[in-house]
Amino acid sequence: MKGARIILYAAALLLAAYFVLFAIRALDANAIAQAFSSPAQVLAIVVASLMYAGIIPVTGWAWSRLLAGQSEQRNGADLAVILGLTQLAKYVPGNVAQHATRAALALRSGLRAQAYFSTLAQETLLAVAASLMVGFALLAWSGHRMEQLPPSTEGWLSLVAVALGAAVILLASVRLKPEELHRRRGWAWKALALAGGLPGPSITLLALAAYIFNYLIIGIGLWILSIYSGAGLSFSLVTAAFALSWALGFLAPGAPAGLGAREGIMLLLLQGAAPPERLAVFVLLARLVTVLGDLICFAVASILSTRRTTIGPP
């Protein structure tokens, strides 16, 4: 296990180094200045940032559906405030601060620990599954493949996708409430109850659809950004590159918000689709968009949190 962590750390560092070296070699001051040379380009950055920020209320709604599977009725808007307040914490190295802050806020609001951690696991599983579904489907649609990544990447990603697909089918197979499972005999039922039971088809598919929608919304924003930044990438390729780089960056331990690793993966996936200097500018602007989006989420959530003192039913 320790060896695997060391390998993942090394991979994340190599990808970050690749991104830095690529940017140094490909970028020049004129390329960066051109990205901000017109009001339309600045507006594209703002629009893309707002669309990125829009995933937080959608994710809050999806979280409320998953909590409903735990017999916890919560307002999606209030849950979105919790998510917004923790957005900046993900830039702290180690990927621990955001989860710790979110857990503290959620538990302080009155959510049961079991319900919180069960839905967090389900959310993670469904979000990664959605990223791979969107990434593989739109990458195939774009006509590109994953030859630029290490040969083994496509193989093990496909295995992960199959495993996640099986897990999604299991979650969607039948509705089994934790309180019902606690009354059944047998250690398997008890273990499933501790894991939060199964949310069933309606809840699982609605949450999965919400996470897929998130990647599509981000993709539209980045597609607009690519047009006005001069890269001129297709919607399918931009969205696929973001979704797959998010999934791979998510697996990079210790990298703050996938910083460096995700950009390196995006550059590899986009290689050949535009001149190198255009790609470098676009990837840097994409990172700027996500940072601005997170700042917007945090600012809005901070304002709303002063007006919402409790989290209750919708």
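The values are calculated or read from the model by the stated rules, or taken from the named source; none is laboratory data. Computed from a predicted structure; not experimentally measured. When we count neighbours, we look across all protein chains shown, and the Cβ atoms used for this are built from the backbone with ideal geometry, even at glycine. Protein only, heavy atoms only, side chains kept; ligands, DNA and RNA dropped before computing areas. Shrake-Rupley method; radii C 1.70, N 1.55, O 1.52, S 1.80 Å.
Putting +1 on Lys and Arg Cβ atoms and -1 on Asp and Glu Cβ atoms, find which of Tyr116, Leu105, Gln70 reaches farthest to the positive end of the dipole of segment 44-180.
Value: Leu105.
Ranked from the most accessible area to the least, with a 1.4 Å probe and all protein chains present, what is the order of Leu216, Leu159?
The ranking, largest first, comes out as Leu159, Leu216.
Using the Cβ atoms and a cut-off under 14 Å, what net charge is assigned to the surroundings of Phe242, where Lys and Arg are +1 and Asp and Glu are -1?
Net of charged neighbours comes to +1.
Give me a comma-separated list of calculated 3J(HN,Hα) values for segment 214-225, in order, Karplus coefficients 6.51, -1.76, 1.60 applied at θ = phi - 60°, integers in Hz, x for any Gly or Pro.
For segment 214-225, the Karplus-derived couplings read 4, 5, 5, 5, 4, x, 4, x, 6, 5, 4, 4 Hz, x marking Gly and Pro.
Shape of segment 82-125 from its Cα gyration tensor (a ≥ b ≥ c, root eigenvalues): rounded if a/c is under 1.5, otherwise prolate when a/b > b/c, or oblate?
oblate
Relative contact order, percent, of segment 71-145 when contacts are C-alpha pairs under 8 Å separated by at least 6 residues?
19
Among 137-148, 277-288, 110-121, what's the highest-first ranking by average C-beta atoms within 10 angstrom per residue?
277-288, 110-121, 137-148
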